[in-house]
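Student: Okay, handing you the structure first.
Read-outs throughout are calculated quantities, based only on the coordinates presented, and are distinct from any laboratory measurement. Since the structure is predicted, the reported quantities are computational estimates derived from the model, not experimental observations. Note that we place each Cβ from the backbone using ideal geometry, even for glycine, and neighbour counts take in every protein chain shown.
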Amino acid sequence: MPATTTPATTAVLYCRDPLNERRVDAHFAAEARQVREGGGTVLLLDHDALLAGDAERAVARVPAGSGAVWYRGWMIPSGRYAELDRALRRRGGELVVTPQAYRRAHELPGWYEAFAGLTPVSGWLPARPGQSPEPARLTALAADLPPGPAVVKDYVKSRKHEWDEACYVPDLADSAALHRVVSRFVELQDEFLAGGVVLRAFESFVAPEAAAAEVRVWWRDGVPRLVTAHPDSPVAEAGAPELEPVRAAVEALGCPFVTTDLALRADGAWRVVEVGDGQVSDLHREADRAVFAALLTTGQAPLPPGASLTHLVQHRA
Ligand SMILES: Nc1ncnc2c1ncn2[C@@H]1O[C@H](COP(=O)(O)OP(=O)(O)OP(=O)(O)O)[C@@H](O)[C@H]1O
Ligand SMILES: [Mg+2]
């Protein structure tokens, strides 16, 4: 059997503080400290330069020959992520999560098929920033969804804080209202519109008592390693979703580090609201940074087959 080469330490490329090129961005500083304490190496990325199209400058502080590195920080558009990988490769490095895997986990059309049946029925149309799809194409897209209300987003994000104006469609049969909400969504997303427009059948979710409305599950190599409240939740308590059906979907997706956001539907079914690449998923402010850092620095050993959330919690203790 060929020997496997495991890098001596895990290296994580963090966004740097925009005002101080030697420091990790304040939002990720506590986490990066735990990566270092866990024996990992912290490298710095200029996220602004990367998004401006200057990948070379973005990685100027990454030493040559870094080998495979994780990224951890603010979201990166999939095309820019591929540019980051190319820039690292020119200096003897690469991203652990390939650009293909990143796009698959980060954008709804990439993960949707693996999660069909666990997530609201969805359809999408590619669109460029500032260009809302034609009304006739939107009406045709809506016709493929179950009748009733829907939610609008792009391949990555919604405008959930502008719910009535740019997110919620009360009735897909009302083509004029559908076009109005989608157009407003496209207008507000402006240059940040990612990929295109997604329509999702609306489902009624309920928050479990005294717990977060959404539970974010962090998966390393297909194993649920950490369960937190969604970062927007005012409470840190997370419910206990049934994870076995989700595990199969995460395995089918085949990405090394992903998050799934789960919500309890009014009929008692746990549903996947959203999938994300774990590298760019935000962490609830009360989540344990040391436990999180260990996901990256010691994430290999899988839990026993059939491990449940109970095992997971015991494992963390
Ligand atoms: N199909 C749906 N049915 C009902 N509610 C939905 C649906 N899709 C989204 N929502 C609601 O809208 C919110 C935002 O949706 P979603 O998580 O897909 O977008 P986002 O902008 O990427 O959010 P995040 O802040 O998690 O990154 C969800 O947390 C949920 O409350
Ligand atoms: Mg979400």
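Student: Could you grab the relative contact order for segment 11-96? Cα pairs under 8 Å, six or more apart, rounded to a whole percent.
Tutor: The normalised contact order for segment 11-96 reaches 30 percent.
Student: With a sphere of radius 13 Å drawn around the Cβ of residue 122, what net charge do the other residues whose Cβ falls strictly inside it have (Lys, Arg +1; Asp, Glu -1)?
Tutor: My count for the surroundings of residue 122 gives -3.
Student: Cα centroids of segment 240-290 and segment 144-196: how far apart, whole angstrom?
Tutor: When both Cα centres are located, 23 Å separates them.
Student: If you don't mind, another one. When the Kirkwood hydrodynamic radius is evaluated over all pairs of different C-alpha atoms of segment 222-283, what value in angstrom, to one decimal, is obtained?
Tutor: Computed over Cα pairs of segment 222-283, the Kirkwood hydrodynamic radius comes out at 12.4 Å.
Student: Counting only Cα atoms, I'd like the Rg/Rh figure for the chain, Kirkwood definition for Rh.
Tutor: 0.97
Student: Percent antiparallel among DSSP beta bridges with both residues in segment 11-96, to the nearest 5?
Tutor: 15
Student: If R₀ is 30 angstrom, what is the calculated FRET efficiency for the pair residue 176 and residue 113, using the beta carbon separation as r and rounding to 0.05?
Tutor: 0.45
Student: Would you mind working out the magnitude of the charge dipole of the chain relative to its Cα centre, with +1 at each Lys and Arg C-beta and -1 at each Asp and Glu C-beta, to the nearest 20 Debye?
Tutor: Dipole about the Cα centre, nearest 20: 1020 debye.
Student: Pairing the Cα long axis of helix 244-253 with the longest principal axis of the chain, what angle in degrees results, from 0 to 90 and rounded to the nearest 10?
Tutor: Approximately 70 degrees, to the nearest ten.
Student: If N is the number of residues in segment 11-96, what value comes out of its Cα radius of gyration divided by 2.2 N^0.38 Å?
Tutor: Relative to the 2.2 N^0.38 Å estimate, segment 11-96 comes out at 0.98.
Student: Tally Lys and Arg at +1 and Asp and Glu at -1 over the other residues with C-beta under 12 Å from the C-beta of residue 94: what net charge comes out?
Tutor: +3
Student: Report the residues of segment 28-59 in range of a label on residue 298: point 7 Å along Cα→C-beta, backbone N strictly under 11 Å from it.
Tutor: 38-39
Student: Expressed in nm², what is the orientationally averaged projection area of the convex hull enclosing the Cα positions of segment 189-236?
Tutor: So the mean shadow area of the Cα hull is 5.8 nm².
Student: A follow-up question, please. How much length is gained on full extension from residue 205 to residue 242, taking 0.36 nm per residue of separation minus their Cα-Cα distance?
Tutor: Separation in residues times 0.36 nm, less the Cα-Cα distance, equals 11.8 nm.
Student: Please identify, among 94, 31, 134, the residue showing maximal mean-square fluctuation in a Gaussian network model of the chain using a 10 angstrom Cα cutoff.
Tutor: 134
Student: Then there's this: Given the Cα-Cα distance of residue 49 and residue 288 and 0.36 nm per residue of separation, how much length would full extension add, in nm?
Tutor: In short, 83.0 nm is gained.
Student: In whole Å, what are the extents of segment 43-192 along the principal axes defined by its C-alpha atoms, from largest to smallest?
Tutor: 56, 31, 24
Student: Next question. Given the DSSP H assignment, sum -39500 (n - 2.57) over each helix run of at least 4 residues in the chain and divide by its residue total; what's the result at 222 nm in deg cm²/dmol, nearest 500?
Tutor: Theoretical 222 nm ellipticity from helices: -8500 deg cm²/dmol.
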